[in-house]
Amino acid sequence: MKDITAVHFKAGDVIFREGDRPGGVYLINQGAVEITKDKAGEKITLATLGWNSIFGEMALIDKKPRSATATALKDTWCYLVDEQSFQKKIDELDPFMRGICRVLVQIARNMTEKYPAEMEEVVSSVPPQIAMDESSPVDAQGRPMKRSTLPMVDDEKK
């Protein structure tokens, strides 16, 4: 995909907050991100994500506000697929598959609301599923970007 941007977050940067409008899907190239939810004033960790993990997809699939807060635990570099590009990919799915995606997202939202404390073990046990291949992001010369070649520029932060 050529519509992917490299972004950098410093340790402690909030990438998005629970309740924010959707804005993009992230793939962690290097670093770590904590996904948390506020439940009655208590911060509950839903997941700690690392290399090759995705986050932020639920809000784009069901077009609802962010269900959790994402915070960089250390310097983190991600690939960002913007909302418009992601929606185009979703729209290319046949209606049945789109429906399945929306149902799965609703199940995940319901589980997160009902059992937030248990979700960290569930979410963190899911292995990264994104393959870095010829369809991966490309650099200015059109070459696939590998883990070690992701630009590390602070002003690219979104």
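Residue-by-condition table, conditions (1) without any contact (Cβ under 8 Å) to a residue 12 or more places away in the chain; (2) assigned to a loop (DSSP other than H, G, I, E, B); (3) buried (at least 21 other Cβ atoms within 10 Å of the Cβ); (4) under 15 Å from the mean Cα position of the chain (by Cα):
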{"residue": "Asp38", "(1), (2), (3), (4)": "no, no, no, no"}
{"residue": "Asn52", "(1), (2), (3), (4)": "no, yes, no, yes"}
{"residue": "Ala70", "(1), (2), (3), (4)": "no, no, yes, yes"}
{"residue": "Val81", "(1), (2), (3), (4)": "no, no, yes, yes"}
{"residue": "Gln87", "(1), (2), (3), (4)": "no, no, no, yes"}
{"residue": "Asp91", "(1), (2), (3), (4)": "yes, no, no, no"}
{"residue": "Phe96", "(1), (2), (3), (4)": "yes, no, no, no"}
Query raised in the report: When Ile107 is evaluated against the numbered criteria (1) farther than 22 Å from Ile4 by Cβ; (2) not hydroxyl-bearing (Ser, Thr, Tyr); (3) not in a helix (DSSP H, G or I), which criterion, by number, is the only one it fails?
Result: (3)
Requested in this report: State all residues of the stretch 54-68 that are touching a helix residue (DSSP H, G or I) at 6+ places or on another chain (Cβ under 6 Å) and outside any helix (DSSP H, G or I); if no residue qualifies, say none.
Outcome: Arg66, Ser67
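None of the figures in this text is laboratory data; all of them are computed from the coordinates on show. Keep in mind it's a predicted model, so treat the numbers as computed, not measured. Note: ideal-geometry Cβ built from the backbone for every residue, glycine included; neighbour counts use all protein chains shown.
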